[in-house]
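The values are calculated or read from the model by the stated rules, or taken from the named source; none is laboratory data. Quick caveat, the model's predicted, so the values are computed rather than measured. A quick note on method: Cβ atoms are made from the backbone with ideal geometry, for glycine too, and the neighbour counts reach across all protein chains shown. For the accessible areas, the whole protein counts, side chains as well, though only heavy atoms, and no ligand, DNA or RNA atoms are used. Shrake-Rupley method; radii C 1.70, N 1.55, O 1.52, S 1.80 Å.
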Amino acid sequence: MPEHQPSMSAPTLLATSRPLLNPMLEMSANGDVFTLETRDAEWSYKGDSATLMRQLAQRLRGDTEITVLAREFGVSDQSIFNLLTPLREENLVLDANWVGRADGADQFAGAFVAECRFWSQVIYAQPFWNTVLSGAAGRNVVLGWGMEFTHFVDAANEYMAAGVAYCRDNPTIREWVARHYVEEADHAVIFLNGLENCGFERRQLLNAPPLATTRALINFLNETAILGTVAYSAVFSLMQPSVEPVAPGAIKQFYGQLSGQYPFAKPMFDAYCRHALIDVELEHEQTLISRLCRSPRSITPQEAASAVRVVRALAEHFIVFFEGIADYYGCSDAQFPRRAVKYAAAP
Amino acid sequence: MAIEESHAKSRKLPFLPSDICLREANGCVELARDDIEVKIRGGNPADIHRFLTNIDGTRRLDEVFIPPSVGAQTATTLLQQLIDANMILLAPGRESPLLNSADFAKTCRAIFPQWKRRLFGHSLWRRLADGSASRNQFIGWLLENYHFIEGVTIRMSVVIAHCRHAGMRKHFVKHFAEEFDHHHFFMRSLKALGLSEAEVFAQPPLPGTTAVLNHMRDCGRSDPLCYAACSAFLESTGADRGAAKQFFAQLLGHYDNRGGEVINPMIDHVGLDEDYGHAGFLEKLCNEVPHIEVSRADAALQAALTLVETLEFWATDIERHYAVQSPIMAPEAPRLYRGLQRGAQVNA
């Protein structure tokens, strides 16, 4: 099958774009300086730019076109492009209505990657990540994250198997989907081994029921798998938003840092690291949907719109997943590992 | 007869229930449930803690590893004391893989009131009742209720489609026929609040609502008994007519400025459900399958408890989201979910 490489850069904003600003950006004003801040970077605006950005920031909700905003604030479209383009390049601004304008596989692919990167940033700006990365997470939260993530990884045997079962495309595409599943099917063992090496009995780990919020994520993935190949494939673009392989050194450094902050969980983070390196080796950053875009199979406008809806809903479910871990395991009474309810006989 | 011998003879499998909080604290081991606490002093707390976490309903006492510092005699004495205190329960032995499904239904009825109290202890229910929930939270709750009630079409249909037992299936079919159009009650309430049908259809359910529906769909695909246990818990939450009447009266006072047009359809809905007599649904289903495996009973109970946890998340989701967002989204705009509240952030 002939393959061509579509451009993966995000389409530029247009006058008819409806920009959405990352809802997790912190804002502050000091005199005539207005600042937007993430965990890792900040953007400062002065003077007229500060005035405009401060007003704009309240209105960038994905529901108003740039040309309308420009009229509202008495500025040119270009003034707004100048402010938003640098943020867009950092995946902090989403063109919320791009999918209706995407023309062809190339445009879809580039804009879809930008969509996934935007929501990935939103997920990783949630309070759970701020706490964990600062080193302030409690023991149960860290271990609970490992346990719930193990459930999620094992759920590949639910939603990825369903993705194969409901792939009504041709055998070539179904083999891509099947191979992806086969490569992930037994990865939960890596995480179970990691938790066992943290000092827990394997039987207790295997019997621990997932949190309701973990099941919510898994069930959402199960339901998405039934929708068809494009919708199903879309989920992996959010899970792996980088189109280039992450450098092994960067992976080791990231998990090494976490091991240093939470030494009791080092075996667990070793498992995370091992899994991430396996994914790099298997080239899982080359997502199913990018392969579909490079193939002669066309993605219909309805499938494209469905893929975007799936990614936006999946982002919410990942937020729920991490929030649930913090909420449950952050309580002093939280049990780790959790115990399932059992039928009790009469004594 | 020595306690250890009697346990071995009975073959029952001791387990620490899922709702017991077990912890090491202040140099001892504590077991707590609701307002009951048991403290085990003396011995090596870490070893006692480890021993108790291994009491998981899969092994007899003589099969469980007992740390040398605890010893067999102490282990059996401790176990019996915890059984007497209802902190350790007994699962049927491996030689008794089947149980009477009527007993399973009775177990559910015994456990559900405790789970119901836990669920309705959530702050959302208290705040709706005392009027401290905002108007957006009330409308949001009503909107999510609409999606949940309408969602019977996509959850109960799954258990019917996957149920191969004709006797059980006929009860689900009857129940579905009595429920599938009840969303119209909630639409009437929403319209009384000024929402159009198009606006309601355009608002996708929150992840919490989707989670409840998807959990029940998952149960429906897995085992009709799992679905039935969940359904029975849901029915039990609405079974207390007096409490429901009081709750609706409170909502009427706090949120209904349309002389009852908003709340009365929900009261009518509860009345209709009562007329249908769904209260004995689980018992009717169990009657179709006189004996079930213990493992199946365990799975069904866990499914119902997961539903309780999911409903707690549902309440949390409504409370958190509608505290900062309007129930009515702009058409086609992505939902702002758990974003920072913009206006409040900017420090001049």
Next item on the list: Just order A:209-218, A:33-42 by mean Cβ neighbour count inside 10 Å, highest at the front, would you?
Entry: A:209-218, A:33-42
Item checked: Separation in nanometres of the label points that stand 7 Å from Cα toward Cβ, at A:GLN261 and A:GLU158 -> 2.9 nm
Notebook entry, point to check: With all protein chains present, how much of the accessible area of the protein assembly as shown (probe radius 1.4 Å) comes from carbon and sulfur, to the nearest whole percent?
Noted result: 52 percent
Next item on the list: Mind jotting down the distance between the C-alpha centroids of the range B:110-138 and the range A:307-347, whole Å?
Entry: 20 Å
Next item on the list: Excluding residues fewer than 8 places away in the same chain, name every one of the lysines whose C-alpha is closer than 23 Å to that of B:LYS106.
Entry: A:LYS342, B:LYS12, B:LYS116, B:LYS170, B:LYS174, B:LYS284
Next item on the list: Could you name the aspartates and glutamates whose alpha carbon sits less than 18 Å from that of A:LYS252, not counting residues in the same chain fewer than 8 places away?
Entry: A:GLU244, A:ASP270, A:ASP279, A:GLU281, A:GLU283, A:GLU285
Note to self: Which aspartates and glutamates, if any, have their Cα less than 20 Å from the Cα of B:LYS245, not counting same-chain residues under 8 positions apart?
What the structure shows: B:ASP130, B:GLU235, B:ASP256, B:GLU261, B:ASP268, B:ASP273, B:GLU274, B:ASP275
Notebook entry, point to check: Accessible area, 1.4 Å probe, largest first: how do B:THR316, A:THR12 sort?
Noted result: A:THR12, B:THR316
Next item on the list: May I ask you to evaluate 6.51 cos²θ - 1.76 cosθ + 1.60, the Karplus curve with θ = phi - 60°, for each residue of the range B:207-223 and list the ³J(HN,Hα) values in order in whole Hz, giving x for glycine and proline?
Entry: x, x, 5, 4, 5, 5, 4, 5, 4, 6, 5, 4, 4, x, 6, 7, 6
Notebook entry, point to check: What 222 nm value per residue comes from the helices of chain B, counting each DSSP H run with n ≥ 4 as -39,500 (n - 2.57) and dividing by all residues, nearest 500 deg cm²/dmol?
Noted result: -19500 deg cm²/dmol
Next item on the list: Would you give the gap between the C-alpha center of the range A:83-143 and the C-alpha center of the range A:180-213, rounded to a whole Å?
Entry: 28 Å
Next item on the list: Provide the per-residue ³J(HN,Hα) series for the range A:129-146, in order, calculated from phi with Karplus coefficients 6.51, -1.76, 1.60 and θ = phi - 60°, each as a whole number of Hz, with x at glycine and proline positions.
Entry: 6, 4, 5, 4, 6, 7, x, 9, 6, x, 4, 5, 5, 5, 5, x, 4, x
Margin query: Full-extension gain between B:SER196 and B:ALA323, please, as 0.36 nm times their residue separation minus the C-alpha to C-alpha distance.
Written below: 43.5 nm
Check: Taking a Cβ-Cβ separation under 4.7 Å as the criterion for a possible partner, which cysteines of chain B have none?
Finding: B:CYS21, B:CYS28, B:CYS108, B:CYS163, B:CYS230, B:CYS286
Next item on the list: Rank-order A:13-22, A:82-91, A:59-68, B:192-201 by packing density, defined as the average count of other C-beta atoms within 10 Å over each peptide's residues, highest first.
Entry: A:13-22, A:59-68, A:82-91, B:192-201
Note to self: Please give the charge dipole size of the protein assembly as shown, origin at the Cα centre, charges +1 on K and R Cβ atoms and -1 on D and E Cβ atoms. Round to the nearest 20 debye.
What the structure shows: 820 debye
Notebook entry, point to check: Relative contact order (percent) for the range B:149-276, with alpha-carbon contacts under 8 angstrom and 6 or more residues of separation?
Noted result: 35 percent
Notebook entry, point to check: Just the accessible area per residue of chain B, please: how many Å² with a 1.4 Å probe?
Noted result: 43 Å²
Item checked: Whole-Hz ³J(HN,Hα) from phi, Karplus 6.51 cos²θ - 1.76 cosθ + 1.60, for the range A:198-209, glycine and proline x -> 7, x, 10, 6, 4, 4, 5, 5, 5, 8, 5, x
Checklist line | R0 of 30 Å, Cβ-Cβ distance A:GLN286-A:VAL189: FRET efficiency to nearest 0.05 | finding: 0.80
Next item on the list: Would you mind calculating the relative contact order of chain B from Cα pairs under 8 angstrom and at least 6 residues apart, reporting the percent as a whole number?
Entry: 21 percent
Check: Let a ≥ b ≥ c be the square roots of the eigenvalues of the Cα gyration tensor of the protein assembly as shown; is it rounded (a/c under 1.5), or, if not, prolate (a/b larger than b/c) or oblate?
Finding: prolate
Checklist line | Sum of -39500 (n - 2.57) over DSSP H runs of 4+, divided by residues of chain A (222 nm, nearest 500) | finding: -18500 deg cm²/dmol
Notebook entry, point to check: Peptide B:205-215: average number of partner chain Cβ atoms within 10 Å per residue?
Noted result: 5
Margin query: Give me the inter-chain shielding for A:20-29: mean count of other chain Cβ atoms within 10 Å, whole number please.
Written below: 4
Note to self: Limiting things to C-alpha atoms, what are the Rg and the maximum Cα-Cα separation (Dmax) for the range A:148-220, in angstroms?
What the structure shows: 14.4, 47
Notebook entry, point to check: Ballpark to the nearest 100 Å², how much total accessible area do B and A bury together, probe 1.4 Å?
Noted result: 4900 Å²
Checklist line | Dipole axis of the range A:61-151 (+1 Lys, Arg; -1 Asp, Glu on Cβ), positive-most option in A:VAL142, A:CYS116, A:VAL75 | finding: A:VAL142
Next item on the list: Give the residues of the range B:94-117 whose amide nitrogen is closer than 16 Å to a point set 7 Å from the Cα of B:ASN287 in the direction of its Cβ.
Entry: B:101-106
Notebook entry, point to check: Fully extended, how many nm does the chain gain between B:ALA161 and B:GLN250 (0.36 nm per residue separation, minus their Cα-Cα distance)?
Noted result: 28.1 nm
Note to self: If R₀ is 51 angstrom, what is the calculated FRET efficiency for the pair A:GLU201 and A:SER76, using the beta carbon separation as r and rounding to 0.05?
What the structure shows: 0.20
Next item on the list: Just tell me how shielded B:107-120 is by partners: mean number of partner chain Cβ atoms within 10 Å of each residue's Cβ, no decimals.
Entry: 1
